[in-house]
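Some notes on the structure that comes next.
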Amino acid sequence: MAITPGNDLKPHIGIFGRMNVGKSSVINALTGRKQAIVSAVPGTTTDPVRKAMELGGLGPCVLIDTAGTDDSTELGRQRVDKSLEVLSEMDLALILFSENKLEEPELLLLERCRHLGIPCLLLHNKSDVQALNRAVLPAIEASIPVLEFSALYPENYLPALLKTIRQLLPESSTQSASLFKGIVSRGDMVLLVTPIDRGAPKGRLILPQVMAIRDLLDNEAFCVVLKETQLEDYMNSSGARPALVITDSSVFDQVNKLLPPHIPLSSFSIAFARLRGPFEDYIKGTPYLDKLQDGDRVLIREACTHLPSCQDIGRVKLPAWIRRYTGKQLEIELCPANNKALYPMASYAMVIQCGACMSTPRQVRAGLAEAMAAGVPLSNYGLAIAWMNGIFDRVISPFVKL
Ligand SMILES: Nc1nc2c(ncn2[C@@H]2O[C@H](COP(=O)(O)OP(=O)(O)OP(=O)(O)O)[C@@H](O)[C@H]2O)c(=O)[nH]1
Ligand SMILES: [Mg+2]
């Protein structure tokens, strides 16, 4: 499933169910367009497919069509795994059934949602052919809404479905939290240090930098954007007293040395990690860098595939720094977006996650869930780099009371 820039910041609503229950048809009914391929042949949808759309009264969101979860062929089992994997990233799951068949495949999906804490609703599709018989429901928890639907004649059913979706979507998935609210005040001056090296994309800034600028403006702060090579001149000549300096983590060492110690310093990666990831776990886990041993496996998790500078840091710089800092023979593996790690998560001595500026908190937690359950120490790019440069306390202090 390719990540589309920006989509990942919107609430994710997935449609799940057996083959042929009408999942793709429901997507088309919700979007009002024939976007998804529909056919009477079971197994038409093979991979998760995302559609960005505006849902009535809810604003932008991402709908995800999935393959049926009752396909028992060899290839089908892989598709089922993919559907279930995607389920763990959803903010809301629509579980479709038809002909009053509420059996093992549906109960499995309900159980998954309960286990993962994902809100869900049951949608009885094809109600134009056979109306819902509520007698099939008693086994189902009363708290799960059950609605009738017909993707062939959606007009009568859409208002109730949209209303229920709006009610069930957690508020956190529709409001994007602010990076710097409560951290900077109106009129504060914030310096953003953005290296323009060979790894930087041509002609533009990378997304975390752009998002930071927008967030600072939303918080009525001033921001000055400069390169690390301009920092010294700027500080000497302007007499500026920044309330905060946010830098790319890759130049932490340089910026830390140039900046007077009383000026708060942190990084883009850390600012995002606080919003998107299990920040406290990262803070607790980072010191484990000192305990790594020869032969340990370290997993570097990257949430996006398209930012060259991120690739550079995850693939080249960070592994080299970790090897140099620890002096140990480590097996360091990079796990790019949407890929599975080579080994079970529990077999890693440590997992280091990028800032995940493109992902929802639910997606980050889903990706780390196995490692968290196994008690594997977690860290984040910026926090790990800061630790290795001896400036950990300095860079977390803008966000954490020490
Ligand atoms: N009568 C009726 N037929 C429907 C309804 N929804 C879907 N269908 C039909 O059911 C068949 C399967 O629809 P799809 O939307 O492709 O079902 P799906 O769940 O996406 O199927 P897979 O991708 O194969 O898992 C098609 O022939 C649709 O026209 C409905 O509400 N009423
Ligand atoms: Mg389909």
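So here's what we get for this one:
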read-out	value
FRET E, pair residue 316, residue 225, Förster distance 30 Å, beta-carbon r, rounded to 0.05	0.75
Computed P(r) (all Cα pairs; the stretch 166-290; 5 Å bins; percent)	2, 9, 18, 21, 19, 15, 8, 4, 2, 1, 0
Segment residue 217-residue 52, extension gain: residue separation times 0.36 nm, minus the distance between their alpha carbons	56.7 nm
Cβ-based net charge around residue 362, under 9 Å, with every Lys or Arg adding one and every Asp or Glu removing one	-1
Residues 249, 72 arranged by fewest to most Cβ contacts within 10 Å	72, 249
Proximal lysines relative to residue 328, as straight alpha-carbon distance under 21 Å, when same-chain residues fewer than 8 apart are discounted	291, 317
Per-residue Cβ neighbour rank within 10 angstrom, fewest leading, 198, 214, 276	198, 214, 276
Spin-label pair residue 172/residue 114, simplified geometry with 7 Å Cα→Cβ offset, distance in nm	2.2
Highest-first arrangement of 372-380, 100-108, where packing means the average Cβ count within 10 Å	372-380, 100-108
Extended-chain gain in nm, criterion 0.36 nm per residue less alpha-carbon gap, residue 284 and residue 74	71.4 nm
Difference of contour (0.36 nm per residue) and Cα-Cα distance, residue 135 to residue 291	50.4 nm
For the stretch 299-384: rounded, prolate or oblate by the Cα gyration tensor [a/c cutoff 1.5]	oblate
Positive minus negative residues near residue 218 (Lys, Arg vs Asp, Glu; Cβ under 12 Å)	+1
Sequence of 234, 381, 343 once ranked by neighbouring C-beta atoms within 10 Å, starting from the fewest	343, 234, 381
Proximal lysines to residue 126, defined as alpha-carbon separation beneath 19 angstrom and excluding residues fewer than eight positions away on the same chain	23, 34, 101
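None of the figures in this text is laboratory data; all of them are computed from the coordinates on show. None of the values given here were measured: they were computed from a predicted structure. Note that each Cβ is placed from the backbone with ideal geometry, even for glycine, and that neighbours are counted across all protein chains shown.
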